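The values are calculated or read from the model by the stated rules, or taken from the named source; none is laboratory data. Just so it is clear, the structure is predicted and the values come from calculations on it, not from any experiment. Note that we place each Cβ from the backbone using ideal geometry, even for glycine, and neighbour counts take in every protein chain shown.
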């Protein structure tokens, strides 16, 4: 019997002094609507799919991603 299990992966790019090394961009935070966030791009899926954009609000610290 074969079972397919899908695991959700979480990537955290926030940590001690990590944010200072990340660039910022003008994008509204979905949580507090602040208009600036740190960003990074990671290849989380197979290489034939688009990379994932990761954001951290510079005001409230909310983290979100855009696939």
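Miscellaneous remarks
- Filter pass, residue 56 being free of Cβ contacts under 8 Å to residues at least 24 places away in the same chain, within 14 Å of the chain's Cα centre (by Cα) and either in a strand (DSSP E or B) or surrounded by 15 or more Cβ atoms within 10 Å (Cβ to Cβ) (or both): no
- Scanning the stretch 29-43 for residues being over 11 Å from residue 59 (Cβ atoms) and at pLDDT 95 or above gives a total of 1.
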